[in-house]
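The values are calculated or read from the model by the stated rules, or taken from the named source; none is laboratory data. This structure is a prediction, so every number in the text was calculated from the model and none was measured. All Cβ positions, glycine included, derive from the backbone under ideal geometry; neighbour counts span all protein chains shown. Remember, those area values only see protein heavy atoms, side chains included, never the ligands or the DNA or RNA. Shrake-Rupley method; radii C 1.70, N 1.55, O 1.52, S 1.80 Å.
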Amino acid sequence: MNEIGLLVQRLLDETTKTSVGLFVPELVLSGTIVAMLLCRILPLLWRVPAQWIALLGAFTAFAWTLCQFDQLVGGTLHATPIFTGLLMFDQFATFFRMFLCLFLILTITLTVLSGIPDREDAPDFYTLLLGATLGMMIMASANHLLMVFLGVEMASVPSYAMVGFLKGRKKSSEAALKYVVYGAGAAGVMLYGISLLAGLTGTGSLPEIGHRLSLIVSQGAGISDPIVRTIVLASLMVLVGLAFKLSVFPFHFWCPDVFEGAAAEVAGFLSVASKAGAFALLVRFGLAFSGGSAAVSEIAFALGIGIGVLAAATATFGNLSAYGQTNIKRMLAYSTIAHAGYMLMAVSALMVMKFSKHGGAESTAVTLSCIEGLIYYLFVYLFMNLGAFAIVALVRNQIFSEEIEDYNGLATQCPLLCFGMALCIFSLIGLPPMGGFFAKLVIFASVFKATSVHWAMWFVLGAGAINTVFGLFYYIRILKAMYLKPRPDGARKVSYDLMPVGLFVLMICLPTLGLGVLPARFAETFNNVASVLLTGR
Amino acid sequence: MFTAETLTSWIIFVPTIFAFFLVFFEKKAVEAMRVFALAGTVVTFFLSLALIGQFTVGDGGMQGKISVPWIASWNINYQLGYDGISLTLVVLSAFVFLVSMLASWGIEKHVKGYLILFLILETGVMGVFFALDFFLFYVFWEVMLLPMYFLIGVWGGPRREYAAIKFFLYTLAGGVLMLIALLMYYFGSATPEAMAITGHSGGSFDLLKLAEMAQRGDIFSPGLQVAGFILLFIGFAIKVPTFPFHTWLPDAHVEAPTPISMILAGVLLKLGGYGIIRIAFPLCPYGAQVAAYALVAIGVISIIYGAFAALAQTDFKRMVAYSSVSHMGYVLLGIAVWKISEVTGVAEGRDYWLMGMNGAMFQMIAHGVSSPGMFFMVGVIYDRVHHRDLNQFGGLSGLMPNYSGMAAVIFFAGLGLPGLCGFIGEVFVVLSAWNYSKTLAIVSAGGVILTAGYILWALQRVYLGPAYKGPHPEAITPMTSREQAIGWLLIVPCFVLGVYPNFVFNYTNDSLTKLVDTLDSGYQNTPKPNSVQTTQK
């Protein structure tokens, strides 16, 4: 009896004294959701526009995570598991939480400017948006298999509803249904994988898995060994769930349909935020194998190679399919698939270097640059992809079309929007001096280093290089339409207010240039994040 | 303010500064914008002349070196400097940009955008010539792509979209190969032995230090040097262009507007030759020597193939474009005539090789003057009669005597008439080729006859004959004073360089002597695998 009391006491202490304090940004977002819904119910408050409440909440959460990150870097806060090890509070997680909050602010601003949820629907829409972000933040800090699943589901369910938010549009509803069915299937497979893994190891805690696995895997056991086979199967099943979120080939089928059906704002949100959360989770899951015996490392190494092959296939498939598209959102959807491929290359290089037999100080440095590259890519990707989708949304409001051929000659009517689009596209192609180039360089450099460990990484590197050229083919079509073609007679005129809209476009597009010209500061910060995650220093 | 160290940065960024201020011009103030942009190119030209004043003749090393850390964690520096090789090309480029700006008065469409892109292009070109950091070099290299795509794509001829994308794709593909080579050298220079030269841990992008390492021989393995050379050579050969990578050139040159054709032929092609001299050879002396015979052969094939192709053209501009392929073949031939003793590996007849190098440099400068001249002359008549069919001209010498005289001088300079600039380079190169292989020297000398053939034949069909047979005879008017000024500006250097070639050799000889020394010792110091000598081409 007394022991239970002590346990409860310790649990309460842990929760109230450390965990809740570090969990404030998430609580702020939850509070914002409640506030928005309350405003809807109470007749006195229903005139308060939901977007301002959402924006306020997002800002508060962002500022809070920024402070946390600053304190973590400064050393006043220390990385610690919270909520009895269900979540991890460290630099890596906090960076992603901050990233997601920043992205939330930008997305809400965009929706305010483009006016996609009308007054009536705004509270619903922002509730879903904040809820999805909350789920992604949990994905980024998940430290337990249970939270892996909860985070993925929490991020997914609001996303399904958001995709179908354009009520009365057939394509939108179809997209949402497709997304739900695919999502449910992937989640089911993932849950099965999780249960296998938890059953094998007897724990759900990610940092423990490597150690527990080495207890059950005998030295030198190959794939014919039933336990090894089960572990591989379980890991693959978990990866299926994540691959779905990342739209990795061959689990990408939902992506173009969903992006075409959803509003551009929602597509932009999904393409960046859910990828960021899923990549954070993937890195955590990959690193869960560390600390095990050589046999466990070997399994993880093989997974890394497999991820590399998937990455190469994803980038190639995405780029090649994008070429035939006439709808700009579909094209951008395939482009996000391709970019997931590039980023996955970093994860592959990370696993390969981390779990290779010839580890050493040098390979640690490479693993750091893998994570640095991944984070840098995501950070640039936030601006370039959101920028592209934002401009698609803003143009759609004027010409009521998302077909590339309707963009013909736009440069003469809205030079600023086209300039922003050009910046984003050059960055997406990966041309210097844009940020997309530097990010790609860091990832390619890590993959190049990984070639010394396993020959298959040459294949991955080659695919990455060729895909850079492939990408040019279709991205340039957008620019060709906007700049090289004349505006047809009688086409709808595009006009926009310079002040809020133009400023916003510049605000999200110019960083793509800034991140390429002055990458030093960010690269160092990200390297530091990686270093804390991988080496604890 | 204008020391040698800062002048380099001024020359690079003055055009950008002017481009920035162009943004604020009233859209209708076309004439003012042109004058302002012209002022930008004039200032740059005078700055480049000032750089000659700062140059110490007799010092073959880098002068006016400046190095500022840019991305410290990657050892990337903003590192500039110049020697005789870059100095001559910088002055040439500043001159060609100035002349092309004068020739741009005829551009009526979207003048502001044209001028801004034009000036940004100049920044990219100057940056490539001054960059002494591989990363920085790559950034400037790709920066040139973007303005060029639009300059061809928006202001070009009927097939401009095709030509623009073709140019973009070829160069980007070359760029990706260069990027892989860049990573190879970066990681190849991360060895402990290399630390003695770099003075820091990790790889290096410093071109001078990388060349020093290559000269030491034991840091970059023969395999790395051969692979690196192939990648770099293809990257640069696309730009030169040499057979078989030349197919973008006729399209791009023909479809580009006249001033841009002048820049393409006068400046951008030189970047390929410069890259081979500055990067491909110094970084992989072993690879260059192994490939020397192939390079010489490619050079000779380009000469002959380009000349035959030019003979077959009926489009005046296309003929001039193919003549560039032929003329640039001499550049590659001159650089590559590196004959070694099979036993000791010491260069045989090193003075001939140096002569070839000097000839190649001179050929670049001479072609940089004569080829824009030829394109300009084609442009003058095209502006009047709006066709370029060689068979529909004739009798222009009677209608436009002044123009015909000028054109004859320029075309004779391209032909290689003694006393004009084209002669010196060709003679030097062919003479040096004699030492390398008598057969190839004879074949390349045959190219001179073919050149005479197509140029004389074209002159005959366009300027001589009884009367003009083509359309728009009424539009044939004498040259305007602006056109005459451009003509004189181009003719004077043709004579000056042809009569007093020391204007170029004075500056290039010391740097090239040093380069030849470095390459020679670099090859000798590289430990050779026994099998490679026989199997490689």
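The selection criterion, being open to solvent by 20 Å² or more (accessible area, probe 1.4 Å), over 30 Å from B:MET374 (Cβ atoms) and either touching a strand residue (DSSP E or B) at 6+ places or on another chain (Cβ under 9 Å) or within 11 Å of chain A (Cβ to nearest Cβ) (or both), does not hold for B:THR198. Scanning the range A:212-234 for residues that are of a type outside the set (Val, Ile, Thr), more than 29 Å from the chain's Cα centre (by Cα) and open to solvent by less than 70 Å² (accessible area, probe 1.4 Å) gives A:SER214, A:SER218, A:ALA221, A:GLY222, A:ASP225. Could you tell me whether the range A:374-381 includes any residue that is in a helix (DSSP H, G or I), modelled with pLDDT under 95 and open to solvent by 20 Å² or more (accessible area, probe 1.4 Å)? So far as the range A:374-381 goes, yes, one or more of its residues are in a helix (DSSP H, G or I), modelled with pLDDT under 95 and open to solvent by 20 Å² or more (accessible area, probe 1.4 Å). Quick check on the range B:205-216. Is at least one of its residues within 14 Å of another protein chain (Cβ to nearest Cβ) and open to solvent by 10 Å² or more (accessible area, probe 1.4 Å)? No; the residues of the range B:205-216 include none that is within 14 Å of another protein chain (Cβ to nearest Cβ) and open to solvent by 10 Å² or more (accessible area, probe 1.4 Å). Residue-level analysis places A:GLY292 among those that are assigned to a loop (DSSP other than H, G, I, E, B) and touching a Leu at 6+ places or on another chain (Cβ under 7 Å).
Among the candidates A:ALA439, A:ALA463, A:ALA491, single out the residue that is open to solvent by 10 Å² or more (accessible area, probe 1.4 Å) and at pLDDT 90 or above. Working first, answer last.
Values: A:ALA439 fails: open to solvent by 10 Å² or more (accessible area, probe 1.4 Å); A:ALA491 fails: at pLDDT 90 or above.
That would be A:ALA463, the only listed residue that is open to solvent by 10 Å² or more (accessible area, probe 1.4 Å) and at pLDDT 90 or above.
For B:LEU98, state whether it is more than 11 Å from chain A (Cβ to nearest Cβ), at pLDDT 90 or above and either in a helix (DSSP H, G or I) or buried (at least 23 other Cβ atoms within 10 Å of the Cβ) (or both). So B:LEU98 fits the description; yes.
Within the range B:391-415, residues that are within 20 Å of B:LEU311 (Cα to Cα) sit with their Cβ atoms under 6 Å from residues that are open to solvent by 30 Å² or more (accessible area, probe 1.4 Å) and of a type in the set (Gly, Ala, Ser), at 6+ positions apart or across chains, in these pairs: B:GLY394/B:GLY465. Pairs are defined by a Cβ separation below 6 Å, a sequence spacing of at least 6 or placement on different chains, a first member in the range B:330-348 that is outside any helix (DSSP H, G or I), and a second member that is among the acidic types (Asp, Glu) and open to solvent by 20 Å² or more (accessible area, probe 1.4 Å); the pairs so defined are B:LYS339/B:GLU348; B:SER341/B:GLU348. Applying the selection to the range A:78-89, what residues are open to solvent by 10 Å² or more (accessible area, probe 1.4 Å) and either in contact (Cβ under 8 Å) with a residue 24 or more places away in the chain or part of a strand (DSSP E or B) (or both)? A:ALA79, A:THR80, A:PRO81, A:PHE83, A:THR84, A:GLY85, A:LEU86, A:MET88 - these are the residues of the range A:78-89 that are open to solvent by 10 Å² or more (accessible area, probe 1.4 Å) and either in contact (Cβ under 8 Å) with a residue 24 or more places away in the chain or part of a strand (DSSP E or B) (or both). Within the option set A:VAL48, A:VAL73, being more than 27 Å from A:VAL112 (Cβ to Cβ), among the β-branched types (Val, Ile, Thr) and either assigned to a loop (DSSP other than H, G, I, E, B) or in contact (Cβ under 8 Å) with a residue 40 or more places away in the chain (or both) holds for one residue only, A:VAL73.
Against the test of being closer than 25 Å to A:PHE92 by Cα and touching a Gly at 6+ places or on another chain (Cβ under 9 Å), the options A:PHE289, A:PHE279 yield a single qualifying residue, A:PHE289.
To keep it simple, each residue is scored yes or no on (1) open to solvent by 30 Å² or more (accessible area, probe 1.4 Å); (2) at pLDDT 90 or above; (3) not in a helix (DSSP H, G or I).
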| site | (1), (2), (3) |
| --- | --- |
| A:ARG119 | yes, no, yes |
| A:ASP124 | yes, no, no |
| A:THR133 | no, yes, no |
| A:MET139 | no, yes, no |
| A:PHE149 | yes, yes, no |
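Exactly one residue out of B:VAL57, B:VAL35 is out of contact with any helix residue (DSSP H, G or I) (no Cβ under 8 Å at 6 or more places or on another chain) and either more than 14 Å from every other protein chain (Cβ to nearest Cβ) or at pLDDT below 90 (or both): that is B:VAL35.
Residues are listed down the side, and each one gets a yes or a no for (1) without any contact (Cβ under 8 Å) to a residue 12 or more places away in the chain; (2) open to solvent by 40 Å² or more (accessible area, probe 1.4 Å); (3) of a type outside the set (Gly, Ala, Ser); (4) part of a loop (DSSP other than H, G, I, E, B):
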{"site": "B:VAL14", "(1), (2), (3), (4)": "no, no, yes, no"}
{"site": "B:ALA19", "(1), (2), (3), (4)": "no, no, no, no"}
{"site": "B:GLU26", "(1), (2), (3), (4)": "yes, yes, yes, yes"}
{"site": "B:GLU31", "(1), (2), (3), (4)": "yes, yes, yes, no"}
{"site": "B:ALA37", "(1), (2), (3), (4)": "no, no, no, no"}
{"site": "B:THR41", "(1), (2), (3), (4)": "no, no, yes, no"}
{"site": "B:GLY53", "(1), (2), (3), (4)": "yes, yes, no, no"}
{"site": "B:VAL57", "(1), (2), (3), (4)": "no, yes, yes, yes"}
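Taking the condition touching a helix residue (DSSP H, G or I) at 6+ places or on another chain (Cβ under 7 Å), open to solvent by 10 Å² or more (accessible area, probe 1.4 Å) and away from chain A (no Cβ under 14 Å), does B:ALA265 pass?
Working: touching a helix residue (DSSP H, G or I) at 6+ places or on another chain (Cβ under 7 Å): yes; open to solvent by 10 Å² or more (accessible area, probe 1.4 Å): no; away from chain A (no Cβ under 14 Å): yes.
It is false that B:ALA265 is touching a helix residue (DSSP H, G or I) at 6+ places or on another chain (Cβ under 7 Å), open to solvent by 10 Å² or more (accessible area, probe 1.4 Å) and away from chain A (no Cβ under 14 Å).
Report, by residue number, each residue of the range A:436-470 that is more than 23 Å from the chain's Cα centre (by Cα), among the hydroxyl-bearing types (Ser, Thr, Tyr) and more than 9 Å from chain B (Cβ to nearest Cβ). Once the filter is applied, which keeps residues that are more than 23 Å from the chain's Cα centre (by Cα), among the hydroxyl-bearing types (Ser, Thr, Tyr) and more than 9 Å from chain B (Cβ to nearest Cβ), the range A:436-470 yields only A:THR451. Taken over the range A:414-434, the criterion of being away from chain B (no Cβ under 13 Å) and out of contact with any His (no Cβ under 9 Å at 6 or more places or on another chain) is satisfied by A:CYS414, A:LEU417, A:GLY420, A:MET421, A:CYS424. For the condition open to solvent by less than 10 Å² (accessible area, probe 1.4 Å), assigned to a helix (DSSP H, G or I) and in contact with a Pro (Cβ under 7 Å, 6 or more places away or on another chain), A:ALA333 qualifies. Taken as a whole, the condition of being part of a helix (DSSP H, G or I), open to solvent by 10 Å² or more (accessible area, probe 1.4 Å) and at the interface with chain B (Cβ under 9 Å from one of its Cβ atoms) applies to A:PHE473. Identification of helices (runs of 4 or more DSSP H) wholly contained in the range B:107-181 with 1 or more residues that are more than 11 Å from every other protein chain (Cβ to nearest Cβ), touching a strand residue (DSSP E or B) at 6+ places or on another chain (Cβ under 9 Å) and modelled with pLDDT under 90 yields no element. Evaluation of A:LEU503 against the conditions (1) open to solvent by less than 20 Å² (accessible area, probe 1.4 Å); (2) more than 14 Å from chain B (Cβ to nearest Cβ); (3) without any contact (Cβ under 8 Å) to a residue 12 or more places away in the chain shows that the sole unmet condition is (1).
A:LEU533 - would you say it is within 13 Å of chain B (Cβ to nearest Cβ), touching a Phe, Trp or Tyr at 6+ places or on another chain (Cβ under 7 Å) and part of a helix (DSSP H, G or I)? Talk me through it step by step, then tell me what you get.
Working: within 13 Å of chain B (Cβ to nearest Cβ): no; touching a Phe, Trp or Tyr at 6+ places or on another chain (Cβ under 7 Å): yes; part of a helix (DSSP H, G or I): yes.
For A:LEU533, the condition - within 13 Å of chain B (Cβ to nearest Cβ), touching a Phe, Trp or Tyr at 6+ places or on another chain (Cβ under 7 Å) and part of a helix (DSSP H, G or I) - is not met.
Considering each residue of the range B:204-251, count those that are assigned to a helix (DSSP H, G or I) and farther than 17 Å from B:ALA291 by Cβ, and give that number.
From the range B:204-251, those assigned to a helix (DSSP H, G or I) are B:207-216, B:222-239, B:248-251; that's our starting set.
Subset that is farther than 17 Å from B:ALA291 by Cβ: B:207-213, B:215-216, B:239, B:248-251.
Residues in the range B:204-251 being assigned to a helix (DSSP H, G or I) and farther than 17 Å from B:ALA291 by Cβ: 14 in total.
Tallying residues that are open to solvent by less than 60 Å² (accessible area, probe 1.4 Å) and more than 13 Å from chain B (Cβ to nearest Cβ) within the range A:507-528 yields 5.
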